[in-house]
Amino acid sequence: MKYKLSEIGKVVGGGTPSTKHPEYYTGSGIPWLTPKDLSGYDKMYISKGGRDITQEGLENSSAKLLPANSVLVSSRAPIGYVAIAENEIATNQGFKSIIPNRELVIPEYLYFVMKTSKQDLEQIASGSTFKEVSTKVMSNFEVEIPDLDEQRKVLDYLLPITRKIEKNSRINDNLSKFRELLYMRLIQSSDVKEVKLTELFNIAYGKNIAKSELTKSGTKVFGANGLIGYTQKPSIISAPTVTITSRGSGSGYVSYLNIGNAFLTNNLLYLNENKNLGLSFSYETIKSANPKQFVTGSAQPQLTIKNLSQSLVKIPSDIN
C-alpha cells in the first residue's frame, strides 16, 4: 500500500547552531550530524558525527533532538544518504529525518525503502544554487509499505546480508589500516624524496553524462556516491583504479574502485596512469596527500587537478 511519509511518521528538519558561539559546540555532548558525516558511511546505524553540540546550542537553533531509530535522510548536498539513529541525535538543515510510526512501519524496513529512493528524491528536488528536498515535498513523498508481517519477512532476508556486509567492511577497514601502517613504515625507513602528486600520477577528469543517457543495462556508471546506473556510452576505464571525489560535500575523498569497464562521471577524478607503481601503493600515496585540503568553495565544494597539483608527497628515492 502506498503512503505519504507524513502518514507513516513525522518528518523533521534540522538546524545549525551559530558558529559565533563556541559554547554551542563541545567535544562530548549531543551528537550532531551533517550530510558530510554520511559520505562514505556504509553502516545501517550511526551514533554520532564529527561534532557534538551542547544543550544550549540545541535550544538556540532549529536543530531537533531525534529519538533512537529515527531514519535520517540527507535532503541536500547531496540528496539520499540514509542511516538509522542508534541513539538520540540531532542533525543540521541538510536532513529531513523521519520518526517512524512503528505501528505502521519498521525503522529498518523504511531504511531500505529510502536507500532505494535516492534517484526519485533527486528528481523532485528544487533549487537554483543547489538542489534540495523541502520538508513539504518530503512529507508528501509516497512510498510502498506492506503490512508489518510482510515487512518482517523481507527483513528476515535483508538483515543477515546487511550484517555480513558490515562485518566484511570492518575486516576491510582493518586491512586498510594495516596497509596504511606498512606504507608509512616503508616511507619512514626508506631514502625518500618529495615530488608533486601530479608528476607521479596522470590524473584525469571523468565525463559529464545526462540523466537521459542512463539506462537499465550496459556499462556501469559511477559518480561521487558510487554506482548510479548504466549507460550505452563507451567505458572510460577498463581496469581497477583510484578515484578522488571532485565535487560536492565529499570532495577530496579517495577511493579504490575495484572494477573493470566503467564510465566515471565528472564528479570524479581518476588515476589514468600510475607508472606501474601498483594500485595499493598509489592509493596510499594519494591518500597521504590529503586531497581534502585543496578543496575550494563552500556552497559548491570542488577539487580541481590544478589545485591538486600543489600537493607534495614522499616516495622512495629509487622510484623514477
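The values are calculated or read from the model by the stated rules, or taken from the named source; none is laboratory data. Source: prediction; values computed, not measured. As a convention, Cβ positions derive from the backbone with ideal geometry for all residues, glycine included, and neighbour counts pool all protein chains shown.
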Search the range 96-107 for residues that are without any contact (Cβ under 8 Å) to a residue 40 or more places away in the chain and assigned by TED's automatic domain parsing to the domain that holds VAL71 and pair each with any residue that is surrounded by 17 or more Cβ atoms within 10 Å (Cβ to Cβ) and in a loop (DSSP other than H, G, I, E, B) when their beta-carbon atoms are under 7 Å apart and the residues are at least 6 apart or on different chains.
-> PRO107/ASN69
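Among the residues of the range 104-128, write down those that are in contact with a helix residue (DSSP H, G or I) (Cβ under 7 Å, 6 or more places away or on another chain), surrounded by fewer than 18 Cβ atoms within 10 Å (Cβ to Cβ) and assigned to a loop (DSSP other than H, G, I, E, B). Steps first, answer last, please.
Of all residues in the range 104-128, those in contact with a helix residue (DSSP H, G or I) (Cβ under 7 Å, 6 or more places away or on another chain) come to 104-106, 108-109, 112, 124.
Of the ones still in play, those that are also surrounded by fewer than 18 Cβ atoms within 10 Å (Cβ to Cβ) are 104, 106, 124.
Within the range 104-128, LEU104, ILE106 meet the criteria.
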Please enumerate the residues belonging to the range 83-100 that are aliphatic (A, V, I, L, M) and farther than 17 Å from LYS10 by Cβ.
-> ALA83
Which numbered condition trips up SER249, out of (1) modelled with pLDDT of 90 or more; (2) in a loop (DSSP other than H, G, I, E, B)?
-> (1)
Pull up the range 257-284, narrow it to residues that are among the polar types (S, T, N, Q) and modelled with pLDDT of 85 or more, then point me to the one that is farthest from the chain's Cα centre (by Cα).
-> ASN261
Every listed condition ((1) at pLDDT below 85; (2) assigned to a helix (DSSP H, G or I); (3) under 28 Å from ILE305 (Cα atoms)) holds for ILE171 save (3)
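Looking at ILE79, ILE8, ILE46, which one is in contact with a Pro (Cβ under 7 Å, 6 or more places away or on another chain), touching a residue at least 24 places away in the same chain (Cβ under 8 Å), surrounded by 15 or more Cβ atoms within 10 Å (Cβ to Cβ) and outside the structural domain of GLY226 (by TED's automatic domain parsing)?
Residue meeting the stated conditions: ILE8.
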Every listed condition ((1) under 22 Å from GLY278 (Cβ atoms); (2) surrounded by 17 or more Cβ atoms within 10 Å (Cβ to Cβ); (3) at pLDDT below 85; (4) of a type in the set (A, V, I, L, M)) holds for LEU182 save (2)
Cβ-Cβ under 8 Å pairs, at least 6 apart or on other chains, the range 246-267 side in the same structural domain as SER309 (by TED's automatic domain parsing) and on the phi > 0 side of the Ramachandran plot, far side of a type in the set (Gly, Ala, Ser) and buried (at least 22 other Cβ atoms within 10 Å of the Cβ) | GLY248/ALA224
